[in-house]
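So the structure is just underneath, and the comments pick up after that.
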Amino acid sequence: MMAWRNAGEKPGGEHEFYVPWPGQASAEDFVRFFRDPRTFFQSDATKENLYR
């Protein structure tokens, strides 16, 4: 599965974030998700040299 989230500045000046920041309520869950060997992030794609 590939997921993408376009976020950033919303009307009115509020901001949405792509991933939780350190200390945010779901940060620990995201770190576990990132470390799961079944997930594939850009850093993994770079190691595999997919974009030669």
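Values quoted throughout were computed directly from the atomic coordinates according to the rules given, and no laboratory measurement underlies them. All values derive from a computational prediction rather than experimental measurement.
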>> For a test of the definition: using alpha carbon positions, the gyration tensor, and the 1.5 limit on a/c, classify segment 8-52 as rounded, prolate or oblate.
In response: oblate
> Per the helix-only calculation at 222 nm, which mean residue ellipticity applies to the chain, given -39500 (n - 2.57) for every DSSP H run of n ≥ 4 and division by its residues, nearest 500 deg cm²/dmol?
Replying inline: -7500 deg cm²/dmol
